[in-house]
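Each remark here refers to the structure printed beneath this line.
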Amino acid sequence: MARIGVFICWCGANIAEMVDAAAVAEYAGQLPGVVVSKDYRYMCSDPGQRIMTDSIQEDNLTGVVVASCSPRMHEATFRKTAAIVGLNPYTLEMANIREHCSWAHTDRGQATEKAKDLVRMMVEKVRRNQPLEPVRVPVTQRVMVIGAGIAGIQAALDVAAAGHEVVLVEREPSVGGHMAQLDETFPTLDCSQCILTPRMVDIMQSDKIKLYTYAEIDEVGGYIGNFEVKVRKKARSVDIDKCTGCGDCYNYCLSRNKISIPVIVSVADRLDADMKKTLDEILDPAAGRRGVLLGVLQDVQDAYNYLPADALRYVSEKLNIPFSRIYGVARFYNAFTLEPRGEHIIRVCQGTACHLKGASLLVDALGRELGIRDGETTKDMQFTFERVNCLGACAMSPVVTIDDQYHGQMTTAKLLKALEGIESADASRPEMEAAG
Amino acid sequence: MTTLTRLDTVEAFGELREFLRLRQDPRQTVISVCGFTGCKVNGSDAVAEALKEEVRKQGRDDVPVKVTGCHGFCEKGPLVVILPQGIFYQKVGLKDVEAIVEKTVIGGEIIPSLLYTDPRTKEQYKLESEVPFYAKQERVVCRHSGKIDAARIEDYIAVGGYSSMVKVLTEMAPEEVIDEMKRSGLRGRGGAGFPTGKKWEFCRMAEGDEKFIVCNGDEGDPGAFMDGSIMDGHPHAVLEGMLIGAYAIGATHGYLYVRTEYPLAIRSLTRALEQAHDYGLLGENILGTGFSFDLELTRGAGAFVCGEETALMASIEGNIGSPRQRPPFPAVSGLWGKPTNINNVETWANVPVIIDRGAEWFASIGTEGSKGTKVFSLVGKVNNTGLVEVPMGMTLREIVYDIGGGIQKGRKLKAVQTGGPSGGCIPESLMDLRVDFDELVKAGGMMGSGGLIVMDERTCMVDVARYFLEFLTDESCGKCNPCREGVQQMHNILERICAGEGKDDDIDILLELAEYVKDSSLCALGGTAPNPVLSTIKHFRDEYEAHIRDHKCPGGVCKALIQYGINADACKGCERCAKECPQDAITGEKKQPHTLDREKCIKCGVCFETCPFDAVYTE
């Protein structure tokens, strides 16, 4: 019959602030197999450890759960202490109620419940733990890295630099992975080839690294320290030692085009007829000309009030510009929006003159009145409000445009009245355009 | 009305010009209505329509009503000028239309109530040229302001438009044109002030099977609208300048890059392009001279960084507008890798008049290092806001006080901000500074594109710096680290200071960060981004210290550091503020001084802006 002791640590305020340690201790005391359950300010301190060792001896414990920090932190501490007083160290487990619980949550009630769950799971584990004795087995000092993308390459180089042999396996004919397909990397916009290519050369030059490209893992057996892995090298019918990478065989291969033609699903097939017609009218005159993308996107936005995703896909197909580039352009420029906008668009000019004369008060007032932040649209799709770069009507500052009508020397009171005006006009005569 | 036929020869153009010139009677009465944004906001469109209707009704439909480009005095719009005398009516409403036609146009009388009265001297002025706002200006780029209808190419040709182009095409070699520009001393009006002639020469000498020229109309500086008004009111001058430039450089194709926030400028330029095409002044074999040049318009899409030339070119090419390292300069490798010359709107608009009147004449205006005039948008807390054109070298004091009529509500001048987010704040003590490219830089400012933003004592300089950095964090393209991260960090510190949470060493950290960002950013956006911070710390360090140490905002702007209150002596109990207050925080009996409950107050500022007696104060 298991006799388990549970010790809950406060870790000062680290745990106690978000987890009710006493409540967890009380709960753990009720669990099957638990004979003693205590909480203490710092379990890793000398007095804390003494509480545990005293209890192991006095209560004849067969297993221990310490609910505190991550096992990476103190598992070794507690196991060593337990072993000193005669408990098999492998019957001691830690429940991580700090990194996995108190530090990660903001609701004390829910965090306490979660801590209880974590403790209960560990109690169940300890109930099933068997006393273990460490043994020594020989280990092959060789590492396999699977996948030779930038991460795999760097891992292989690091391990090799530490003096171990590395087997690097890559499924594709060439190493490099996604990194080889990128131009620049986030967030520093460094040239990705400049990062990748020297490392590609390094793995070839290292005598510690054995590279298998165009190979896949069939089977992984064994255990930590002594894995047995079956690697299947795919047939490539090329003598790599002689190959210069000229690419002629690739170009002349008779079966290449038969197998590699991807099935392209055109967005045109799912566009409704109206949208297709509108977009064709915009795109046809632009086809084949340089520098038309901005203008095309502006026309699309004029037509739809925003840039619908399918419209952008269609633009991409028709102009033969990658979708990613179009998306990037659409996100970069303030004038474009990917979300549908409200019926009425209110813009508050953010020019210097307008700022000096109180534009920020107008922004605050709109936020209060409409209950949205700038750039957002009201739920009923009536109003969108945007802050906009200088409209060049500085002499009339502060300036607000409502549906492209300029309103100068704007005040909070005037603005709210204008809003009311639009709402009542919409209510009485929905077909009438909002007055300027 | 001439029929729009393509002109195939230089002679045909000359005949058309003569015809148009002779048809113009200098004694003819013309009603000129300003049609630019400022006046439009105040209803000039309706006034112009009503005037057209009224002249017809009163049987004088021989009197043309012209909607013209910006007259400049936006503060007093809508503006109506009766030519040829130049009678200047301001703040004209629909109710005045009948009287203008009946009394002034037909009767030749002046309507005193519509004249401009100087608020300081109470003197009334009858003619546009006498009004102090105009009297001190010297109009070169805007010389046709208010006189020609920007929508009619014929008006422009009649006053000598496109004649400079003809002169260049028929009498001058490209090298001579470049030489003329160099001798004129014209420097780029976009801000940096690079000599235009030299720039053209670089591009002319660059190797390339195809060359481009670009007009940078991406006037992104907040508080500047000169280029917008030039494109709207003088589109053909820009086109003609580009044609001359294209000939000198050897370009066959050009782009006008105009920011999308300027719908009027886009409309005006689009119309001008069509007209120039129809007359054969653009396109293949212009006027039979063998010179071909075509131009198209690209709308920007709301990205400040696209004012930077390499970002602008990326944008025209249809890419994300992020700048790149220079060299290679655009003159060597620009649009699609071809030699490209980029000039600002105002620079291009200066070109025809230099060719027309000669480099020596142009060089006689201005200072030693900066020739010609500069158009400024004079805005902010100044009485006469609007568009002004003055010779280089005029002092800031003359611009702010003589032309601008001093500070609103008789308050004290604190600083003038020049050069947009890249520029700096010039304090009151330096108002006798002569405005040209070099002097402004010495004072920690920058010419920039020409926004002059006047700040009074109720402006918080820390808030101004915070405002510009907020703008720049939004507009940083994110390509290089110093600008993306550094400007953001500086902005965070300024936000904190404005929220009353500044720390003692914040000023030092700002200065240190500023140096890093300045030295290591990729393009001018980042390189000049710290300027608003540096110049405000330099001249207004005490305001920073007041925020950090005393938790006070001397300008009464930073919300977290101010409280609103009502001055019982000034309050007349009109109840207007109480009615507008969204929190019902203001109470009081009618005609008795009101009180403001600070517990309820959310500092929205409505009472402050509503009070007609200046009784609401901040502390």
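Data table
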item: Output for the stretch A:405-419, where each listed residue is within 25 Å of residue B:453 (Cα to Cα) and either acidic (Asp, Glu) or within 8 Å of chain B (Cβ to nearest Cβ) (or both); result: A:406, A:407, A:408, A:411, A:412
item: Those residues of the stretch B:601-619 which are farther than 18 Å from residue A:413 by Cβ and either outside any strand (DSSP E or B) or among the charged types (D, E, K, R) (or both), in sequence order; result: B:619
item: Any chance residue A:297 is more than 9 Å from chain B (Cβ to nearest Cβ) and either touching a residue at least 12 places away in the same chain (Cβ under 8 Å) or assigned to a helix (DSSP H, G or I) (or both); result: no
item: Strands (runs of 3 or more DSSP E) (entirely within the stretch B:359-430) containing at least 3 residues that are under 29 Å from residue B:523 (Cβ atoms); result: B:373-380, B:413-418, B:424-427
item: Residue A:392 vs. criteria more than 9 Å from every other protein chain (Cβ to nearest Cβ), in a loop (DSSP other than H, G, I, E, B) and either of a type outside the set (Val, Ile, Thr) or at negative phi (or both); result: no
item: Residue in the stretch A:45-68 that is surrounded by fewer than 14 Cβ atoms within 10 Å (Cβ to Cβ) and of a type in the set (Gly, Ala, Ser) present; result: yes
item: Qualifying residue in the stretch B:26-45 (condition: over 30 Å from residue B:132 (Cβ atoms) and in a helix (DSSP H, G or I)); result: no
item: Residue match in the stretch A:90-99 (condition: in contact with a Gly (Cβ under 7 Å, 6 or more places away or on another chain), buried (at least 16 other Cβ atoms within 10 Å of the Cβ) and not in a strand (DSSP E or B)); result: yes
item: Residue count, the stretch B:468-486 (criterion: in a helix (DSSP H, G or I) and either more than 26 Å from the chain's Cα centre (by Cα) or not aliphatic (A, V, I, L, M) (or both)); result: 12
item: Qualifying residue in the stretch B:136-153 (condition: of a type outside the set (Val, Ile, Thr), at pLDDT 90 or above and at positive phi); result: no
item: Looking only at the stretch B:436-446, and only at residues there that are more than 15 Å from residue B:529 (Cα to Cα) and part of a loop (DSSP other than H, G, I, E, B), the one that is farthest from the chain's Cα centre (by Cα); result: B:443
item: Neighbours by Cβ (under 8 Å, 6+ apart or cross-chain): first from the stretch B:527-552, more than 25 Å from residue B:484 (Cβ to Cβ); second among the charged types (D, E, K, R); result: B:546/B:552; B:548/B:503; B:548/B:504; B:548/B:506; B:549/B:504
item: Residue within the stretch B:87-105 that is β-branched (Val, Ile, Thr) and within 26 Å of the chain's Cα centre (by Cα) present; result: yes
item: Number of the condition not met by residue A:39 [criteria: (1) surrounded by fewer than 20 Cβ atoms within 10 Å (Cβ to Cβ); (2) part of a strand (DSSP E or B)]; result: (1)
item: Criterion (farther than 24 Å from residue B:398 by Cβ and either free of Cβ contacts under 8 Å to residues at least 60 places away in the same chain or away from chain A (no Cβ under 11 Å) (or both)) met by exactly one of B:434, B:466; result: B:466
item: Sole residue being more than 28 Å from the chain's Cα centre (by Cα) and within 14 Å of another protein chain (Cβ to nearest Cβ), chosen from B:289, B:260, B:252; result: B:252
item: Test result for residue A:386, within 14 Å of another protein chain (Cβ to nearest Cβ) and under 24 Å from residue B:259 (Cα atoms); result: yes
item: Every residue from the stretch B:279-335 that is part of a strand (DSSP E or B) and either at pLDDT below 90 or closer than 16 Å to residue B:252 by Cβ (or both); result: B:283, B:293, B:294, B:295, B:296
item: Top-ranked residue of the stretch B:523-554 - restricted to ones that are modelled with pLDDT of 90 or more and assigned to a loop (DSSP other than H, G, I, E, B), ranked as farthest from residue B:504 (Cα to Cα); result: B:529
item: Filtered residues of the stretch B:198-240 (kept if at the interface with chain A (Cβ under 9 Å from one of its Cβ atoms), of a type in the set (Gly, Ala, Ser) and within 24 Å of residue B:331 (Cβ to Cβ)); result: B:220
item: Selection within the stretch B:414-428 - more than 13 Å from every other protein chain (Cβ to nearest Cβ) and either in contact (Cβ under 8 Å) with a residue 60 or more places away in the chain or surrounded by 18 or more Cβ atoms within 10 Å (Cβ to Cβ) (or both); result: B:426, B:427
item: Qualifying residue in the stretch B:504-513 (condition: crowded, with 20+ Cβ neighbours inside 10 Å, in contact (Cβ under 8 Å) with a residue 60 or more places away in the chain and either within 12 Å of another protein chain (Cβ to nearest Cβ) or over 27 Å from residue A:333 (Cα atoms) (or both)); result: no
item: Per-region count, the stretch A:211-239, residues at negative phi and surrounded by 10 or more Cβ atoms within 10 Å (Cβ to Cβ); result: 18
item: Selected residue (criterion: nearest to residue A:390 (Cα to Cα)) from residues of the stretch A:348-365 that are more than 33 Å from the chain's Cα centre (by Cα) and more than 7 Å from chain B (Cβ to nearest Cβ); result: A:349
item: Scan of the stretch B:194-248 for residues that are free of Cβ contacts under 8 Å to residues at least 60 places away in the same chain and basic (Lys, Arg), ordered by number; result: B:198, B:204
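The values are calculated or read from the model by the stated rules, or taken from the named source; none is laboratory data. Note that the structure is a prediction, hence the values are computed from the model and not measured. Cβ sites come from the backbone with ideal geometry, for glycine too, and all protein chains shown count toward neighbours.
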